[in-house]
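J.: Below are the structure tokens for one structure; questions will follow.
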Amino acid sequence: MRRLPVLTALTALAATFALTACTDASTGSGTSPTDGGSAAASFDPSSIAKDDAIAAMLPADVVEAGTLTVGTNATYAPAEFIGEDGKTIVGYDVDLAKAVGAVLGLDVEVSNADFSAIIPAIGSKYDIGVSGFTITPERLAEVNMVSYFRAGEAYAVAAGNPKDVDPSDVCGLSIAVQTGTVEDDALDELMAECEAAGKPEITPLRYASQADVTTNLVGGKADVMYADSQVVAYAVTQTDGQIEQLGDIFADSLHGIAIAKDDTALAQAVQAAVQKLIDDSDYTTILDAWGNTSGAVTTAELNPVVS
């Protein structure tokens, strides 16, 4: 879930447990929060056959080009980030884009770009944008959007919840967040609410990287980690279950693939391709590889109604 303006706190991530947090904005199994491994083997799009009926929906210029160009901002693990080789963009958004290309019978070219520069370049530099874009009325006024994921915020605690943390009342606890994120701002609000209610104070633990947030939860310095739901899910995988999500996801919203507003044909083809991936379970295979089936949707909607 990314903020409308990109956060400067989001920087390119090193190969050490590449995790980022909520902004309005490579394979293997990690064993610790500082392990450089990724969630699992990236999905192989060669396993997906072209769907001739869906491919026939494509506009002629895309068919002639033979390549689906994709813009993304590779600073948002596990959705999109730089892999262990220091150059390859990986993540579930990347795997999904490649799978869409396979359904459409197209090669896929994924390019790293500034988050704020992607949507303005849709239809010129890029055919589509896939970068954890929250679907908002403002974005729907600029581009077509196909929903493919639901994400929000979540808490995490040490496995087994040894301190018996109640997700409905986190007053009196030490809570770790990444600076510059939505959760960082929300933590201030939580602290104010606890103070106003006369409850024990929250001890804020703010770190520049999500890796440090996770490390301090695993190490016991923090009672609670507060981050994006998909970041929490990925952290559970990367720590081999040393932590667990606490309670339900909240403040959730849909993420969407962005397509040019005047390119209805491509938007409809992408929507049909994503829906086929959902129906054929390739979609859940992709999300499962990155520990994020909790964000799965059952329907890919074109320009869903959101508030």
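The values are calculated or read from the model by the stated rules, or taken from the named source; none is laboratory data. Values in this document were obtained by computation on a predicted structure and should not be read as measured data. Backbone-built Cβ (ideal geometry, glycine too); neighbour counts: all protein chains shown. With ligands, DNA and RNA removed, areas are computed over all heavy atoms of the protein, side chains included. Shrake-Rupley method; radii C 1.70, N 1.55, O 1.52, S 1.80 Å.
J.: Using +1 on the beta carbon of Lys and Arg, -1 on that of Asp and Glu, and nothing else charged, what's the dipole of the range 74-150 about the Cα centre, debye to 20?
T.: Here the size comes out at about 160 debye.
J.: Kindly work out what percent of the DSSP beta bridges joining two residues of the chain are antiparallel, to the nearest 5. Mind showing how you got there, number by number?
T.: Details: 26 of 42 bridges.
Given both bridge residues lie in the chain, the antiparallel proportion sits at roughly 60 percent.
J.: As a check on your grasp of the helix formula, calculate [θ] at 222 nm for the chain: sum -39500 (n - 2.57) over DSSP H runs of n ≥ 4, divide by the residue count, round to the nearest 500. Don't skip to the end; give the middle numbers.
T.: Details: 10 runs with 91 residues, N = 307.
Result for the chain, helices only: -8500 deg cm²/dmol.
J.: Accessible area, 1.4 Å probe, largest first: how do THR239, THR298, THR179 sort?
T.: Putting THR239, THR298, THR179 in descending order of accessible area: THR298, THR179, THR239.
J.: Write down, largest first, the equivalent ellipsoid semi-axes of the range 136-268 in whole Å, where each equals the square root of 5 times an eigenvalue of the alpha-carbon gyration tensor. Write out the running numbers ahead of the final one.
T.: Working: eigenvalues 216, 62, 30 Å².
Calculated on Cα positions only, the semi-axes equal 33, 18, 12 Å.
J.: Multiply the residue gap between VAL297 and GLU138 by 0.36 nm, knock off their C-alpha separation, and tell me the result in nm, one decimal place.
T.: 55.0 nm
J.: How much length would be gained if the chain were fully extended between ASP169 and GLU193, taking 0.36 nm per residue of separation minus their Cα-Cα distance, in nm to one decimal? Don't skip to the answer; put the middle values down first.
T.: On the way: separation 24, 0.36 × 24 = 8.64 nm, distance 1.04 nm.
Once the chain is fully extended between ASP169 and GLU193, it gains 7.6 nm.
J.: Between ALA65 and ALA159, what FRET efficiency follows from the Cβ-Cβ distance if R0 is 41 Å, with the result rounded to 0.05?
T.: Details: r = 49 Å, r/R0 = 1.18.
So the FRET efficiency works out to roughly 0.25.
J.: If I ignore ligands, DNA and RNA and count only protein heavy atoms, how much of SER209 is accessible to a 1.4 Å probe, in Å² to the nearest 10?
T.: Approximately 40 Å² for this residue.
J.: Moving on. Rounded to a whole number, what % of the accessible area of the chain do carbon and sulfur atoms account for, probe 1.4 Å? Don't jump to the answer; show the numbers that get you there.
T.: Values: 5910 of 11970 Å².
The value for the chain is 49 percent carbon and sulfur by accessible area.
J.: Based on the Kirkwood radius over alpha-carbon pairs, what is the Stokes-Einstein translational diffusion coefficient of the chain at 10 °C with 1.306 mPa s viscosity, in µm²/s?
T.: Using the Kirkwood radius from Cα pairs, D works out to 81 µm²/s.
J.: For the chain, with every protein chain kept in place, what is the accessible area per residue (1.4 Å probe, Å²)?
T.: Result: 39 Å² per residue.
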